[in-house]
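Asker: Mind having a look at this structure? Questions to follow.
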Amino acid sequence: MENAKKRGGPPRFFEFLLRWILPDGIVREDIVGSLAEEHNGRVAWDGQRRADSWYRRQVLGIVARWLRKGFARAIGAWSIGDLVKELARAARRLVRVPAFSAAVVTTLALGIGGTTAVFAIVYGVLIRPLPYPDAERLTWIRNGAPDRTWSFSMADYLALEEQQSSFTRVGAYDPNGITLSTPEGSERMQAHMVTAGFMPLLGIRPVLGRSITEEDTRPGADPVVLVSHRVWRSRFGGDPGIVGRTVTLDQEITTVVGVLPPPAGPIERDQDFLLPLTLEPPPRKGPFFLYVVGLLEEGSTRTAAAQELEAISDRIFPLWQDSFPDAEVRWVMFDLKKALLGDVGGSLWVALAAVGALLLIALANAANLLVARAVEQKHETAVRVALGAGWGRMLVHRLSESIVLAGLGGGAGLGLAYLGLATAVRLGGALIPRVAEAALSGPVVLFLLAVALVSVAILGLVPALHNRTPLPALRGSGRGVGHGVKQRGLRQALVVAQFSVTVPLLVGGALLTSSLWSLRRADPGFDADRVLTLSLSLPHTGYEEAAIRLDFWQRVLAEVRALPGVEAAGLGNGRPPDEPGFGNNFMLEDVPLPSGASQFEVPWTIADPAYFQALGVDLLAGRLFDVDTDSSRVALVDETWARRFFANPQDALGRRFIHGGCTDPTRCPWWTVIGVVSDVEYNGLAEDNQGAMYLDAERFVQLGSFLVVRTPSADAAALAPRIRAIVRDADPRVPVTDVATGRELLEESLRTDRYLAGLVGLFGAVAFLLSLVSIYGVLAYFVEEHRRDIGIRLALGGEPLRVAWMVMASAMRLVLVGVGTGTVLALGISSLLDHLLFRINPWDPVSFAAVVLGLSAAALLSCGEPAFRAARLDPAGALKEK
Amino acid sequence: MGGRAFLGEFEQMVLLAVLRLGDEAFGPGIAGELEERAGRQVSRGALYGTLDRLARKGYLRWEIEAPTSESRGNRRRRFSVTPEGIKELVSARDALVNLWEGLDGVLRRPTG
């Protein structure tokens, strides 16, 4: 099993780690080089996997020695046993201040756990190579115009397979659903139709049986299927004799020829079946439905391969010019990983930045608490130092508490990271590609250790350094007078830092939340609260003829309409807000395009007249379809379409077009616009509507379609069971899936936005609370520290309100500096969110003002209590103390 | 620390391996020699730590050799034992031999 990687050389991360811990110079070179040489030898006689694992063990051994040496140096002549004792003493001290310890550990656990969970996702999704052999040479090949890219067609793929020389291997898949029929009923399942090259390309070797072969993809070959590991286990009880058995897929008796291994990567992850893709020479260039992956020839450069792709697509262009006139379109290639991830990277880095900011706040807060504790213990510390404890020893003493705290925080953080990651994998599956591959792997745990070590350093060293000089503390007898300006400065700086990090988080949360609200308020163009949609797909067999299909749909629709509480029921092969029937390009008779320019492309849906009634879409001009009187080539358009090309809806009536890529009116017939309906979103709520078109479902009768049902009652979902029963009675082979009310469709389309707004909002809220706690703590401490001064002032006749104000002002100065810095920071980075925002400017003054004012007001309130405590101070009592 | 400590067992083995390899005493070779002759797994961390300690004590020295393709472009250290190192080895052996003397009857080698 040496399929994981064939790069040569030891595991990269561990070699990096080794280089990182060894000091630069000949010793490092010798060790790194010698280990590489030995690793190489071991690969030859022990295999890549064992050699890699040996290498990792050796490096970890070296790291462990290095850590031990580091500890030994830090504690001087102390032994590990002494360190353990010191840690035990620290733990006992911390148990005596349970509230303080719990606060620091919780803060740290949240910070470390959150950062680790998000880093695990970033690492698993963005950083780790795809889990396919030679992943860095895998490319994604598509058709590309200047402004967009789309899939390959059969014509494209056959030409690519035949003519290319830059790729060791190419393969294609058609991501498709399939209906599995069993005696219990029919069910839609996930399936890829794949070429023979697909499985070897991704290194997928069946655990039972064989792969898909060239023979299987020939037209007329016997139908065969490979079942996924999951389906094999769950539906066939892991039957080792499954090869040779048959299943009914899309009404065809299909022979199982193999069982797939558990999925490794995103392409095959959710598939229940792999079936052969029938390679049939096509009559025209389109349609475009194939996803194509290529493995670059070793030594072949990306530039050369890209040039070859362009050359082949130019070469075949004239062959298909009649059906595809767009001369600007060429084949383009992308790195497979980048292509599969899409733009999820941006959001993930935003999340990591946000959670990192949170960690900084948490650390600052914890350090702040520890500085306060250090100040409290200052007298004791000073005595110990005066009694002869060396500075180094005091450092260990101080560090021991932070090691215990960070250790507990890190441990709890690991637990939190585990839970957070499990939740993210469960919820984010549809949202973040590859998230299923995120795990608490070695590098992630090392990351956590590094974060914990940094925490120890910050928590331990910052307060310890500020406690170094003992003399002023002794002179001041531990009272306020002698407290160094320096350590107050440090605590103040930490407060400022917290507020300045909180502002961007809150602004981000506010922007994403108002964007989500705008999306919710945006008009989707249909009556979301009173609509239920269900997806039905007819089997091929038995429904070859349009008349039989139409009969099925009409019978079902008639019975659904007869249900009590149903106002209208229609048929459409798409549904709003983000599932159009298909995308299609067209050429308008009255809006000529320069030759070779890309044609207009908009979402199309095949719908019957009742579809519009059921969705609550209005007819603005002309009329709806009427299959009995219409000529055969008519279409409806929406208002945006009409206004995009003509002055007003009325003006669009009677206009003619040709569609499907054809440009030649002598070969392709004209179609006519007969009506204009109100707008419905098909490209998602956040995208601008570019216009939509409709064809008549009663004329172009589909196998698969949505039923769209309108009911006056608010509970549209209650209809679902009765509609299922109607469909089962009409034909038990037809599965009913994707049942959703209009409201659910809208919410589903906002999942990403909701997820992000919730996440950043949550971080913002935690940061907000931590900041308030810190300003309260600083001020309360300030008042305690200055009891005498305040008492003197009050005794000398100072007005209590003035005193309160003076105290508050000292704290609010810090808040304002922090908020100001944070605002500048937020202005700088909020543009990162731009592409995630809907109808709101990343510098939206209202969001900024709300955050700045709200945060300042909340800070003012949290200063109030200590300030008024100061004002109510009994001067005589304060002066008598000590 | 009073008195001079004897060489540790592992230190002796490392010095002996370096001596046996002569002009070919590079890191991987030393590791191989130890694993083959002494028949035990050697952690590379322990090996390189010991090499450095022996060099610091003056029992080993090294010369820098040019990189090879095997070492992936990293320069290499060729180790050799210094006269002090040899003196230490000899005295360690003498001490042991003195102690062993006359015990052959008691400590018979297991046969087979």
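Asker: Angle between the Cα long axis of helix A:302-320 and the longest principal axis of chain A, 0 to 90 degrees, nearest 10?
Answerer: Roughly 20 degrees, rounded to the nearest 10.
Asker: A further question follows. Can you give the charge dipole size of region A:539-733 about its Cα centre, rounded to the nearest 20 debye, using +1 on the beta carbon of Lys and Arg and -1 on the beta carbon of Asp and Glu?
Answerer: Values: 17 positive and 28 negative charges, 63 e Å.
In debye, rounded to 20, region A:539-733 gives about 300.
Asker: With each pseudo-label sitting 7 Å past Cα toward Cβ, what's the A:V824-A:R656 distance in nm, one decimal?
Answerer: Each label point is offset 7 Å from its Cα along the Cβ direction, giving 6.7 nm.
Asker: Could you work out, residue by residue across B:37-49, how many beta carbons of other chains sit within 10 Å of that residue's beta carbon, and then give the average as an integer?
Answerer: Numbers: counts 0, 0, 0, 0, 0, 1, 7, 11, 11, 4, 5, 10, 5.
That average works out to 4.
Asker: From other protein chains only, count the Cβ atoms within 10 Å of every residue's Cβ in B:56-64, then give the mean.
Answerer: Neighbouring Cβ atoms belonging to other protein chains average 1 per residue here.
Asker: May I pose another question? Can you tell me, using C-alpha contacts under 8 Å and at least 6 residues apart, the relative contact order of region A:147-327 as a whole percent?
Answerer: So the answer I get is 34 percent.
Asker: Looking only at Cβ-Cβ distances, which cysteines of chain A have no other cysteine closer than 4.7 Å?
Answerer: A:C863, each lacking another Cys Cβ under 4.7 Å.
Asker: Which shape class applies to the protein assembly as shown: rounded if a/c is under 1.5, otherwise prolate when a/b exceeds b/c and oblate if not, where a ≥ b ≥ c are the square roots of the Cα gyration tensor eigenvalues?
Answerer: oblate
Asker: Run down the aspartates and glutamates and flag those whose C-alpha is under 17 Å from the C-alpha of A:K85, throwing out any fewer than 8 positions away in its chain.
Answerer: In chain and number order, the partners are A:E401.
Asker: Using a Cα-Cα cut-off of under 17 Å, which aspartates and glutamates could be cross-linked to B:K87, ignoring same-chain neighbours fewer than 8 residues away?
Answerer: B:E9, B:E11
Asker: Name all residues of region A:583-605 having a backbone nitrogen under 18 Å from the label point set 7 Å from the Cα of A:D314 along its Cα→Cβ direction, giving them as ranges.
Answerer: A:596-597
Asker: Taking the Cα centroid of region A:667-723 and of region A:102-131, what is the distance between the two, rounded to the nearest whole Å?
Answerer: When both Cα centres are located, 44 Å separates them.
Asker: Once you keep just the Cα pairs under 8 angstrom separated by 6 or more residues, what percentage relative contact order results for chain B?
Answerer: Answer for chain B is 26 percent.
Asker: Also, I was wondering about something else. Once both axes come from the Cα atoms, what is the angle between helix A:48-74 and the longest principal axis of chain A, in degrees from 0 to 90, rounded to 10?
Answerer: 20 degrees
Asker: For region B:9-100, compute Rg over Rh where Rg is the Cα radius of gyration and Rh is the Kirkwood radius from the inverse mean 1/r over Cα pairs. Don't skip to the answer; put the middle values down first.
Answerer: Details: Rg = 13.7 Å, Rh = 13.8 Å.
Rg divided by Rh gives 0.99.
Asker: Something else about it: Let me have the relative contact order for region A:539-733, percent, based on Cα pairs under 8 Å that are six or more residues apart.
Answerer: Relative contact order for region A:539-733 comes out at 32 percent.
Asker: If you put +1 on each Lys and Arg Cβ and -1 on each Asp and Glu Cβ, how big is the dipole of chain A around its Cα centre, in Debye rounded to 20?
Answerer: In total the dipole reaches around 6420 debye.
Asker: Moving to a separate point now. Give the separation of the Cα centroids, region A:297-324 to region A:810-882, in Å.
Answerer: Answer, in whole Å: 59.
Asker: Would you work out which of A:G258, A:V231, A:Y157 lies farthest towards the positive end of the dipole of region A:147-327? Charges go on Cβ: Lys and Arg +1, Asp and Glu -1.
Answerer: Positive-most Cα among the choices belongs to A:V231.
Asker: Right, another one. Is the shape of region A:524-596 best called rounded, prolate or oblate, per the rule: a/c under 1.5 gives rounded, else a/b larger than b/c gives prolate, else oblate, with a ≥ b ≥ c the square roots of the Cα gyration tensor eigenvalues?
Answerer: oblate
Asker: May I ask which residue of B:P67, A:G203, A:F838 lies farthest towards the positive end of the charge dipole of the protein assembly as shown, with charges of +1 (Lys, Arg) and -1 (Asp, Glu) on Cβ and the Cα centre as origin?
Answerer: Among B:P67, A:G203, A:F838, the one farthest towards the positive end of the dipole of the protein assembly as shown is B:P67.
Asker: Let me ask something else about it. Give me the number: length gained by fully extending A:K69 to A:E784, i.e. 0.36 nm times residue separation minus the C-alpha to C-alpha distance, one decimal in nm.
Answerer: Values: separation 715, 0.36 × 715 = 257.40 nm, distance 4.31 nm.
Result for the pair: 253.1 nm of gain on full extension.
Asker: Kindly identify region A:538-577 as rounded, prolate or oblate by the Cα gyration tensor criterion: order the square roots of the eigenvalues as a ≥ b ≥ c, call it rounded if a/c is under 1.5, otherwise compare a/b with b/c, prolate if a/b is larger, else oblate.
Answerer: oblate
Asker: Ok, one more. How well do other chains shield peptide A:258-264, expressed as the mean number of their Cβ atoms within 10 Å of each residue Cβ?
Answerer: Whole-number average of other-chain Cβ neighbours for A:258-264 is 0.
Asker: Same structure again: What full-extension length gain, to one decimal in nm, is calculated for A:D551 and A:E748 as 0.36 nm per residue of separation minus the Cα-Cα distance?
Answerer: Values: separation 197, 0.36 × 197 = 70.92 nm, distance 3.25 nm.
Here the answer is 67.7 nm.
Asker: With charges set only on the Cβ (+1 for Lys and Arg, -1 for Asp and Glu), what does the dipole of region A:635-783 come to about its Cα centre, in debye to the nearest 20?
Answerer: Taking the Cα centre of region A:635-783 as origin, the dipole is about 200 debye.
Asker: Roughly speaking, what is the stretch gain from A:A714 to A:I127, that is 0.36 nm per residue apart minus the C-alpha to C-alpha distance, in nm to one decimal?
Answerer: 206.7 nm
Asker: Given labels modelled 7 Å from the Cα in the Cβ direction, how far is it in nm from A:V591 to A:R148?
Answerer: Taking the simple label geometry, A:V591 and A:R148 are separated by 1.4 nm.
Asker: What's the percent breakdown of Cα-Cα distances in region A:177-322 across 5 Å bins, shortest bin first?
Answerer: 2, 8, 16, 19, 17, 14, 9, 7, 5, 2, 1
Asker: Dipole of the protein assembly as shown (Lys/Arg Cβ +1, Asp/Glu Cβ -1, origin at the Cα centre): which of A:A172, A:V507, A:P580 lies farthest to the positive side?
Answerer: Farthest towards the positive end: A:V507.
All of the numbers you see were taken from the coordinates with simple rules; none came from a lab. Just so it is clear, the model here is predicted, and its values are computed rather than measured. Cβ coordinates were reconstructed from backbone atoms using ideal geometry, including for glycine residues, and neighbour counts include every protein chain displayed.
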